[in-house]
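One structure is given here, and the rest of the page talks about it.
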């Protein structure tokens with residue numbers, strides 16, 4: 001997983017030409033990354049239960065805010081927004097960053113420590129690259145005009161969830 005795409009920092013053109021799935025890395029570096037992956041995966045499995053077949057009915061309720069989730073692992077991740085728990089820590093010496101999800105930790109390691117942004121925009125003329133697939137997906141909305149995040153109060157649409165959240169706060173400040 002991480003070992004397949006991690007590498008030394010590359011120029012944008014070099015990174016574009018590489019097939020990340022077939023990248024070969026020297027043995028010592030490979031073993032370090034496999035150990036890193038195993039550590040991250042073991043943290044993930046001990047922190048949340050898997051959600052292999054979520055039900056369509058939301059059955060798991062947050063004790064803080066009442067939000068309903070389809071499976072327990074989704075609830076555990078949601079509750080971290082209340083508890084500020086960040087169980088996934090970067091294993092690079094001197095880097096003490098912590099994350100709520102293992103995928104965010106992996107993306108941090110790829111981009112911050114190896115300079116890899118594995119997700120490239122495929123739109124003609126666009127050279128943007130991202131370290132996380134969801135960031136690329138939200139970026140693609142700038143090309144398509146898709147605005148999937150819609151305000152329930154006024155119907156305004158946004159291409160990024162963070163912009164909807166920011167917008168929602170304007171409704172709260174207008175109520176006061």
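The values are calculated or read from the model by the stated rules, or taken from the named source; none is laboratory data. Quick caveat, the model's predicted, so the values are computed rather than measured. For neighbour counting, all protein chains shown are included, and Cβ atoms are generated from backbone atoms with ideal geometry for every residue, glycine included.
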Kindly establish whether residue 81 is modelled with pLDDT under 95 and over 30 Å from residue 113 (Cβ atoms).
no
Please work out if residue 86 is over 28 Å from residue 144 (Cβ atoms) and either surrounded by fewer than 17 Cβ atoms within 10 Å (Cβ to Cβ) or modelled with pLDDT under 95 (or both).
yes
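Scanning for something closer than 27 Å to residue 76 by Cβ, under 18 Å from the mean Cα position of the chain (by Cα) and in contact (Cβ under 8 Å) with a residue 40 or more places away in the chain, does the range 117-138 turn up at least one residue?
Yes, the range 117-138 contains at least one residue that is closer than 27 Å to residue 76 by Cβ, under 18 Å from the mean Cα position of the chain (by Cα) and in contact (Cβ under 8 Å) with a residue 40 or more places away in the chain.
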Any residue at all in the range 87-95 that's in contact with a helix residue (DSSP H, G or I) (Cβ under 6 Å, 6 or more places away or on another chain), more than 30 Å from residue 67 (Cβ to Cβ) and touching a residue at least 12 places away in the same chain (Cβ under 8 Å)?
yes
Return a yes/no flag: does the range 118-128 have any residue that is within 30 Å of residue 90 (Cα to Cα) and not in a loop (DSSP other than H, G, I, E, B).
yes
